[in-house]
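Peer 1: Pasting a structure here, questions to come.
The values are calculated or read from the model by the stated rules, or taken from the named source; none is laboratory data. The structure presented is a predicted model; accordingly, all values stated were derived computationally and were not measured. All Cβ positions, even for glycine, are placed from backbone atoms using ideal geometry, and neighbour counts span all protein chains on display.
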């Protein structure tokens, strides 16, 4: 792991692989950490230099500053671009899941010149409703992430993954429960405001969309709607996969990325 100061806040990141290979930046889902990519790294490092990082208040990244009560997609996109610049890359391949996919949409809409490609999984131009996200934000601030994780984490994974890895849900409950409540709440509010339906029509970025057939948070229909408003090809639907393909089928997901980005 490495650490970087950005706008006065410490970001935890990893930069792995040969500096002469193309840079691949990976953005994790809300409530998780950059550890979601661990099982994909051996395959990806054969082809790419890989950069991962922890979102605000997640993993080992510092919480969002107390003097700011709002996080925007552009704030998170700037984290990705700052880290890419630290790696010495002017352009990058980007992969983002869930809120990571929202960061990707911001990059496509506002920073397309920095992208070689974008692969967005288990996300949407709009995710859920503002009321639902604002309610979750309020509940997290009242109850804490450890309590909220009991109900949230089981929704991340499809039945197949839970059957094959019986400790999976409990392990990620522990990880989610260690996050910063306020940062998570602000990211919930960001998702309640985010709407990219009118922002993705004009770009030249090669887009790949991936959905999980068993994803209850961002079902395949959300990726289909994103394809329609972004001009992306039809989304790839992964059968028996929920919200986090990097955890549920890392080998298959790695090969999909390698084939697509090649």
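Peer 1: When you go through (1) at pLDDT 95 or above; (2) over 26 Å from residue 198 (Cβ atoms) one by one for residue 90, which number turns out not to apply?
Peer 2: Looking at each condition in turn, residue 90 falls short on (1).
Peer 1: Filter the range 205-216 for residues that are assigned to a loop (DSSP other than H, G, I, E, B) and touching a helix residue (DSSP H, G or I) at 6+ places or on another chain (Cβ under 6 Å); which is nearest to residue 248 (Cα to Cα)?
Peer 2: Looking only at the range 205-216, we keep the residues that are assigned to a loop (DSSP other than H, G, I, E, B), and these are 205-206, 213-216.
Imposing the further condition that a residue be touching a helix residue (DSSP H, G or I) at 6+ places or on another chain (Cβ under 6 Å) reduces the set to 205, 216.
Details: 205: 27, 216: 15 Å.
Restricting to residues being assigned to a loop (DSSP other than H, G, I, E, B) and touching a helix residue (DSSP H, G or I) at 6+ places or on another chain (Cβ under 6 Å), the top hit is 216.
Peer 1: What's the total number of residues in the range 155-178 that are closer than 17 Å to residue 217 by Cβ and assigned to a loop (DSSP other than H, G, I, E, B)?
Peer 2: Qualifying residue count for the region: 2.
Peer 1: Out of the range 216-257, which residues are out of contact with any strand residue (DSSP E or B) (no Cβ under 9 Å at 6 or more places or on another chain) and surrounded by 15 or more Cβ atoms within 10 Å (Cβ to Cβ)?
Peer 2: 217, 225, 229, 247, 250, 254
Peer 1: Here's a follow-up. Working carefully through the options 201, 192, 144, 177, find the one that is over 22 Å from residue 257 (Cβ atoms) and modelled with pLDDT under 95.
Peer 2: 201
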